[in-house]
Amino acid sequence: MATLLELNEHFFRRESGRMVAALTRIFGVHNLSLAEDVVQDAFCRAMEAWKARGVPENPSAWLMAAAKNRALDIVRRERTARTFAPELGRLLETEWTLAPLIDEAFTANTIRDEQLRMMFSCCHPRLPEEAQLALILNILCGFGASEIASALLTGHAAIEKRISRGKKVLAGARTLFDMRDAEFESRLSTVRRALYLLFSEGYHGASAKAAVRVELCEEAMRLTALLLEHPPAATPTTYALAALMWLHAARLPARLDSEGELSALVDQDRTHWDARRMEEGLALFERSASGEEVTPYHLEAAIAVTHASARSLEETDWRAIVSLYDRLMALAPSPVVALNRAIAIGERDGAERGLEALHAIADSERLARYPFHPAALGELELRRGHREAARKHFRVALGLARNDTERRFLEKRLRSSADV
Amino acid sequence: MSGFIYLFRTTEADQREAMGTPERAQRSMQAWLAWIRELEAKGHLKDPGQPLERSGAVVRGKKKVVTDGPYAESKDLVLGFIVVEAKNLEQAVELSKGCPMLEGAGSVEVRPVMEGPLS
């Protein structure tokens, strides 16, 4: 009786984002919580209907139909008492336009368009970046507040506050962002920044549970792909952002070794890099190359391309990488970029020069809590044979480690600097 | 082999907990599917029961007081039932222990279906 169909991983989460988009089209963004109730209701119905009988052949269509019926009921019951989407206005008032409108809201194209508009709305300039991320994760990716809190290493209450404030800003606008708005360009750049942060958060993740939270990376990539489906948003800069995500993601399988431990680029087994993603990343990078503008995304993608095209660490073109970091420092200086540049110099010119560059980082107090700063010092000291100094740095790094994976990684480095 | 009904009961709060976010809802769903599949694979699932709507009414007392929804006394919410086949009550009870609802505040009431001549 119960069929053997499996639900894809995160199926409910993804469907939640899609259903909220369709329902917001009908109810209006000021009724977001109503849309969320309908989604929750669809999941509960699915639970009752499927748990003993198995998953239907097209679970997505099943959920959409449940949400549609519920939406139809709600509009019929409440259209005199409540204002729904101002954009649809009177069309929801008569029966012969209502049903087709609801059908239309649940088509793949409308869902995609509404998700895009939602993404642009979540990146409202009045919202701080961390609120934008929380909103995107909640509304578009279907994460609950506590799941976001643990992914972003923030308290549950703080995330709830961010989400509810953010939703007030959304509701205040009455409609979702209009993609033909004059503000499109500037909003697009905010959206890219948010997606970049989402990806970095997953990749470099300071999570208590895992150093690499693949899920955040995947969500950032999914939303970036959505952005590329909208021609005005598919600019060379957006392609550069996508390229850097895909190229980094290709290295994810090697970043954690077979025991789930963090593995430095030096030790990574390059045969574990994801060849398909790498290829896609290179294709995306090519499409980013048109036009005049060179953005930090372009430079970061170019660095990733340089790493990707080296078959081994020894074959890496460190001259090219250092010069890309030089340009990145000129365009978007940050202590972390400076740190990576110093490491590249160490590779190109030897440990002494690398250490000089590390010590020369201007605002290294901003790196004071970043374990990979002392770790890099330790690495280079070790390379020039100063084991005592290396151990000292690794111990400092260990004290700053933000999760067990980082801790075990640094303990391993500390041990190897003790071996004679 | 005899028939047993599993009656699933839980609280509204626990139901909210299990279905609170899409990820949690999916985990609950997958746990159920796995458990039911195992019962089925071993030939214990006789009838998957009927899914129940969450709405409804409760009629109570001589005055036939009608309250909306089954949530009037949300400490005990009947979620539905299935029919299993087992050698005896002991086995039926043992099999019920895999029910995912038991991870929360839910309970499974195991009731033998009456056998023999009924009239």
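Condition check: farther than 30 Å from A:Ala243 by Cβ, under 24 Å from the mean Cα position of the chain (by Cα), surrounded by 15 or more Cβ atoms within 10 Å (Cβ to Cβ) and free of Cβ contacts under 8 Å to residues at least 40 places away in the same chain. Does A:Ala351 satisfy that?
Numbers: farther than 30 Å from A:Ala243 by Cβ: yes; under 24 Å from the mean Cα position of the chain (by Cα): no; surrounded by 15 or more Cβ atoms within 10 Å (Cβ to Cβ): yes; free of Cβ contacts under 8 Å to residues at least 40 places away in the same chain: yes.
It is false that A:Ala351 is farther than 30 Å from A:Ala243 by Cβ, under 24 Å from the mean Cα position of the chain (by Cα), surrounded by 15 or more Cβ atoms within 10 Å (Cβ to Cβ) and free of Cβ contacts under 8 Å to residues at least 40 places away in the same chain.
Quick check on A:Leu88: is it away from chain B (no Cβ under 14 Å), more than 32 Å from the chain's Cα centre (by Cα) and modelled with pLDDT of 90 or more?
no
Six or more apart or on different chains, Cβ under 7 Å: which pairs go from a residue in the stretch A:24-49 that's facing chain B (nearest Cβ under 8 Å) and of a type in the set (A, V, I, L, M) to one that's part of a helix (DSSP H, G or I) and open to solvent by 20 Å² or more (accessible area, probe 1.4 Å)? Could you list them?
A:Ala46/A:Trp62; A:Met47/B:Ser28
How many residues are within 23 Å of A:Met47 (Cβ to Cβ) and not β-branched (Val, Ile, Thr) if we restrict to the stretch B:45-96?
Total meeting the criteria: 28.
Which one of these does A:Ala397 not meet: (1) part of a helix (DSSP H, G or I); (2) open to solvent by 80 Å² or more (accessible area, probe 1.4 Å); (3) of a type in the set (Gly, Ala, Ser)?
Of the numbered conditions (1) part of a helix (DSSP H, G or I); (2) open to solvent by 80 Å² or more (accessible area, probe 1.4 Å); (3) of a type in the set (Gly, Ala, Ser), the odd one out for A:Ala397 is (2).
Any idea which of B:Val78, B:Val108, B:Val58, B:Val65 is modelled with pLDDT of 95 or more and of a type in the set (Val, Ile, Thr)?
B:Val108
Can you pull out every residue in the stretch B:44-55 that is at pLDDT below 90 and either hydroxyl-bearing (Ser, Thr, Tyr) or open to solvent by less than 90 Å² (accessible area, probe 1.4 Å) (or both)?
Answer for the stretch B:44-55, where residues must be at pLDDT below 90 and either hydroxyl-bearing (Ser, Thr, Tyr) or open to solvent by less than 90 Å² (accessible area, probe 1.4 Å) (or both): B:Pro51, B:Leu52, B:Arg54, B:Ser55.
Of the residues that sit in the stretch A:38-75 and are under 17 Å from A:Ile102 (Cα atoms) and among the charged types (D, E, K, R), which one is nearest to the chain's Cα centre (by Cα)?
Here is the first cut: in the stretch A:38-75, the ones under 17 Å from A:Ile102 (Cα atoms) are A:38-39, A:42, A:60-75.
With the extra rule that they be among the charged types (D, E, K, R), the set shrinks to A:68, A:70, A:73.
Numbers: A:Lys68: 30, A:Arg70: 32, A:Asp73: 36 Å.
Of everything passing the filter in the stretch A:38-75, A:Lys68 is nearest to the chain's Cα centre (by Cα).
Against the conditions (1) in a helix (DSSP H, G or I); (2) of a type outside the set (Val, Ile, Thr); (3) within 21 Å of A:His204 (Cβ to Cβ), where does A:Leu355 fall short? Just the number, please.
Looking at each condition in turn, A:Leu355 falls short on (3).
Could you tell me whether any residue of the stretch A:370-383 is touching a Pro at 6+ places or on another chain (Cβ under 7 Å) and either part of a helix (DSSP H, G or I) or surrounded by fewer than 17 Cβ atoms within 10 Å (Cβ to Cβ) (or both)?
Looking through the stretch A:370-383, none of the residues is touching a Pro at 6+ places or on another chain (Cβ under 7 Å) and either part of a helix (DSSP H, G or I) or surrounded by fewer than 17 Cβ atoms within 10 Å (Cβ to Cβ) (or both).
In the stretch A:44-82, what residues are closer than 22 Å to A:Arg18 by Cα, among the polar types (S, T, N, Q) and open to solvent by 30 Å² or more (accessible area, probe 1.4 Å)? Lay out the reasoning, then the answer.
Within the stretch A:44-82, the first condition is being closer than 22 Å to A:Arg18 by Cα, and the residues that meet it are A:44-50, A:55-75.
Subset that is among the polar types (S, T, N, Q): A:58, A:60, A:69.
Answer for the stretch A:44-82, where residues must be closer than 22 Å to A:Arg18 by Cα, among the polar types (S, T, N, Q) and open to solvent by 30 Å² or more (accessible area, probe 1.4 Å): A:Asn58, A:Asn69.
Which of (1) assigned to a helix (DSSP H, G or I); (2) free of Cβ contacts under 8 Å to residues at least 60 places away in the same chain does A:Leu133 not meet, given it meets every other one?
Evaluating A:Leu133 over (1) assigned to a helix (DSSP H, G or I); (2) free of Cβ contacts under 8 Å to residues at least 60 places away in the same chain leaves (2) as the failure.
Look through the stretch A:107-122, keep the residues that are buried (at least 19 other Cβ atoms within 10 Å of the Cβ) and either among the acidic types (Asp, Glu) or in contact with a Lys or Arg (Cβ under 6 Å, 6 or more places away or on another chain) (or both), and return whichever of them is nearest to A:Arg192 (Cα to Cα).
Initial filter on the stretch A:107-122 (buried (at least 19 other Cβ atoms within 10 Å of the Cβ)): A:111, A:114-122.
If we keep only those that are either among the acidic types (Asp, Glu) or in contact with a Lys or Arg (Cβ under 6 Å, 6 or more places away or on another chain) (or both) as well, we get A:111, A:114, A:120.
Working: A:Ile111: 20, A:Glu114: 17, A:Phe120: 10 Å.
Within the stretch A:107-122, the match that is nearest to A:Arg192 (Cα to Cα) is A:Phe120.
Can you work out which of the residues in the stretch B:9-43 that are at the interface with chain A (Cβ under 9 Å from one of its Cβ atoms) and among the acidic types (Asp, Glu) is most open to solvent (accessible area, probe 1.4 Å)?
B:Glu40
Those residues that are in contact with a Leu (Cβ under 9 Å, 6 or more places away or on another chain) and more than 11 Å from every other protein chain (Cβ to nearest Cβ), I need them from the stretch A:138-150; list them, please.
Those that are in contact with a Leu (Cβ under 9 Å, 6 or more places away or on another chain) and more than 11 Å from every other protein chain (Cβ to nearest Cβ): A:Ile139, A:Leu140.
Go over the candidates B:Asp68, B:Asp76 one by one and state the one that is charged (D, E, K, R) and without any contact (Cβ under 8 Å) to a residue 24 or more places away in the chain.
Sole residue among the options that is charged (D, E, K, R) and without any contact (Cβ under 8 Å) to a residue 24 or more places away in the chain: B:Asp68.
I'd like the full set of residues that are basic (Lys, Arg) and either within 16 Å of A:Ala52 (Cβ to Cβ) or in contact (Cβ under 8 Å) with a residue 40 or more places away in the chain (or both), limited to the stretch B:11-53.
Answer for the stretch B:11-53, where residues must be basic (Lys, Arg) and either within 16 Å of A:Ala52 (Cβ to Cβ) or in contact (Cβ under 8 Å) with a residue 40 or more places away in the chain (or both): B:Arg37, B:Lys42, B:Lys46.
Every residue in the stretch B:44-103 that is part of a loop (DSSP other than H, G, I, E, B), away from chain A (no Cβ under 14 Å) and not small (Gly, Ala, Ser), please.
Within the stretch B:44-103, B:Lys62, B:Lys63, B:Lys64, B:Glu73, B:Lys75, B:Asp76, B:Lys87, B:Asn88, B:Lys97 meet the criteria.
One residue is enough: does the stretch B:59-68 have a residue meeting the conditions open to solvent by less than 60 Å² (accessible area, probe 1.4 Å) and either charged (D, E, K, R) or under 21 Å from B:Glu109 (Cβ atoms) (or both)?
no
The values are calculated or read from the model by the stated rules, or taken from the named source; none is laboratory data. The shown structure was predicted, so the numbers you read here are calculated from the model rather than taken from an experiment. Cβ sites come from the backbone with ideal geometry, for glycine too, and all protein chains shown count toward neighbours. In case anyone asks, the SASA skips ligands and DNA or RNA and just uses the protein heavy atoms, side chains included. Shrake-Rupley method; radii C 1.70, N 1.55, O 1.52, S 1.80 Å.
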